[in-house]
């Protein structure tokens, strides 16, 4: 097994490990806490991240870790794991099954492995540099959408677009077929599956988007920031993913105004 | 079996019948059409409604039917069925499993049976006048939320609030804990389950909301228009559902401005 394949294997075992932990808290007795940014944080969030961190420390103690809940270690390492134990916490605490777990591995700052794991739906996307993205083990492909006016566009909420970003998103929305909300990380998986054409978001953290890159690019799509740059730890939290290069270019132009 | 129980039994058999039809088109080869209001309509939509109408005509040929796809018959009847074969068509065509089928039976204009069927999730809420609402066969209960500031609020999209409704919804959103988007009919089911506190929507058609009333009230919640009136065929398309009477009253006040 190549080194990258071994890392991807660990990432899948991490996803296997978080699924029962997350489901143990879903629709059950939630211990909801409040962070400074008012997003809900559950015991599930912390336990899932702890379980994943233990697995990384056991297998690759020299790798860095950047987690939503338990902070960062060894970010100067060649390999850094970026973890979002529960993406879509508002869905999670309201009993909606479209929350996910995001697992990314970066090499020299570039995402090379990405997993979108949907514990309550029993669905998983795995993206690995140089391989075709899989959905529950089967290769998937983003679809062509040469006409931007035909694009189905997703964003988690219009409230994530602050200041000038709100007007930029509005331009993109009016140029697209329709905007659909409320999907969190799931929208990127649907784009990889070829049933969604665009995902545009802002106010994101690295653990929200690092896993997305390998999943999208391994399905033939494009995932960048709003300037067209590759996503990484240093990105500004604005994400634009598309299945079709023409629609991606048209969306970049709409966002730029 | 009482007459109402027999009607509820038919409604469940209708939900059983649409599930495989809808799933046969989900994430598959969709024949997408466009209606005047630009909402996508699929072959699944038409086939599901036709199947349900046949079952009603066979069992109760004197009952009226109000369907999204195939129009109205016998609306002057004591009993009228209101059908939305695919609620959340944008979710459906983009491969997101949170679309549903809505089945309502009205007696003298008042909803007495309501079903929220989620084909892709294998979940179903059944509300029958005088009975406890069930979720996959088990009774459920909406939860208390005496403080409106703690309420988790759902709406399908902020774009459904047009003109003064947009400002009214904004007041409600700022008074609540958070607004979450993109759930269509599923949000009302989650409210009946006691994991969501408020659902506020507008620009709705009778087939979008008639099934909601019996599901919510059978779980101890309240479902009205924005003036606090019971929902029926003649409602104006604005819906406010809550699990707690205090939160419902505070939401009515926020919407009134």
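The values are calculated or read from the model by the stated rules, or taken from the named source; none is laboratory data. Since this is a predicted model, take the numbers as computed values, not measurements. Note that we place each Cβ from the backbone using ideal geometry, even for glycine, and neighbour counts take in every protein chain shown.
Being part of a helix (DSSP H, G or I), crowded, with 24+ Cβ neighbours inside 10 Å and out of contact with any helix residue (DSSP H, G or I) (no Cβ under 8 Å at 6 or more places or on another chain), is that true of even one residue in the range A:215-230?
The answer is no; no qualifying residue exists.
If only one of A:211, A:192 is more than 16 Å from residue B:90 (Cα to Cα) and within 14 Å of chain B (Cβ to nearest Cβ), which one is it? Show your work before the answer.
Numbers: A:211 fails: within 14 Å of chain B (Cβ to nearest Cβ).
Of A:211, A:192, the one residue that is more than 16 Å from residue B:90 (Cα to Cα) and within 14 Å of chain B (Cβ to nearest Cβ) is A:192.
Would you mention how many residues in the range B:93-114 are crowded, with 24+ Cβ neighbours inside 10 Å, at pLDDT 95 or above and not in a loop (DSSP other than H, G, I, E, B)?
Number of matching residues: 10.
Return yes when residue B:139 is away from every other protein chain (no Cβ under 14 Å) and either buried (at least 19 other Cβ atoms within 10 Å of the Cβ) or touching a strand residue (DSSP E or B) at 6+ places or on another chain (Cβ under 7 Å) (or both) and no when it is not.
no
Considering the range B:144-159 alone, what residues qualify as being part of a loop (DSSP other than H, G, I, E, B) and either within 18 Å of the chain's Cα centre (by Cα) or within 25 Å of residue A:183 (Cβ to Cβ) (or both)?
Answer for the range B:144-159, where residues must be part of a loop (DSSP other than H, G, I, E, B) and either within 18 Å of the chain's Cα centre (by Cα) or within 25 Å of residue A:183 (Cβ to Cβ) (or both): B:151, B:156, B:157.
Give A:199, A:162 a once-over and let me know the one that is under 15 Å from residue A:247 (Cβ atoms) and either in a helix (DSSP H, G or I) or at pLDDT 95 or above (or both). Before you say what the answer is, go through the steps one by one.
Values: A:162 fails: under 15 Å from residue A:247 (Cβ atoms).
One residue alone meets the criteria, A:199.
What do you reckon, is residue B:126 modelled with pLDDT of 95 or more, surrounded by fewer than 24 Cβ atoms within 10 Å (Cβ to Cβ) and in a strand (DSSP E or B)?
no
Sort through B:240, B:191, B:252 and tell me the only one that's closer than 18 Å to residue B:101 by Cα and free of Cβ contacts under 8 Å to residues at least 60 places away in the same chain.
On inspection, the qualifying residue turns out to be B:191.
Exactly one of these conditions fails for residue B:183: (1) within 12 Å of another protein chain (Cβ to nearest Cβ); (2) at pLDDT 95 or above; (3) assigned to a loop (DSSP other than H, G, I, E, B). Give me its number.
Only one criterion in (1) within 12 Å of another protein chain (Cβ to nearest Cβ); (2) at pLDDT 95 or above; (3) assigned to a loop (DSSP other than H, G, I, E, B) is unmet by residue B:183, namely (2).
Do you know which residues across the range A:170-180 are outside any loop (DSSP other than H, G, I, E, B), in contact with a helix residue (DSSP H, G or I) (Cβ under 7 Å, 6 or more places away or on another chain), within 12 Å of chain B (Cβ to nearest Cβ) and buried (at least 19 other Cβ atoms within 10 Å of the Cβ)?
A:179, A:180
Quick check on residue B:132: is it crowded, with 21+ Cβ neighbours inside 10 Å, at negative phi and more than 14 Å from chain A (Cβ to nearest Cβ)?
no
Looking only at the range B:120-134, how many residues end up being touching a strand residue (DSSP E or B) at 6+ places or on another chain (Cβ under 8 Å) and closer than 18 Å to residue B:222 by Cβ? Working first, answer last.
Just the residues of the range B:120-134 that are touching a strand residue (DSSP E or B) at 6+ places or on another chain (Cβ under 8 Å), to begin with: B:123-129, B:132-134.
When the remaining residues are screened for being closer than 18 Å to residue B:222 by Cβ, the result is B:125, B:127-129, B:132-133.
Number satisfying all stated conditions: 6.
I'm trying to understand the selection: among the residues of the range B:245-257, which are in contact with a strand residue (DSSP E or B) (Cβ under 8 Å, 6 or more places away or on another chain) and surrounded by 17 or more Cβ atoms within 10 Å (Cβ to Cβ)?
B:247, B:248, B:251, B:252, B:255
Any idea which residue in the range A:1-42 is modelled with the lowest pLDDT, counting only those that are more than 14 Å from chain B (Cβ to nearest Cβ) and under 20 Å from residue B:178 (Cα atoms)?
For the range A:1-42, the residue satisfying everything is A:36.
Can you find even one residue in the range B:59-73 that is closer than 30 Å to residue A:154 by Cβ, at pLDDT 95 or above and more than 14 Å from the chain's Cα centre (by Cα)?
The answer is no, given that none of the residues of the range B:59-73 is closer than 30 Å to residue A:154 by Cβ, at pLDDT 95 or above and more than 14 Å from the chain's Cα centre (by Cα).
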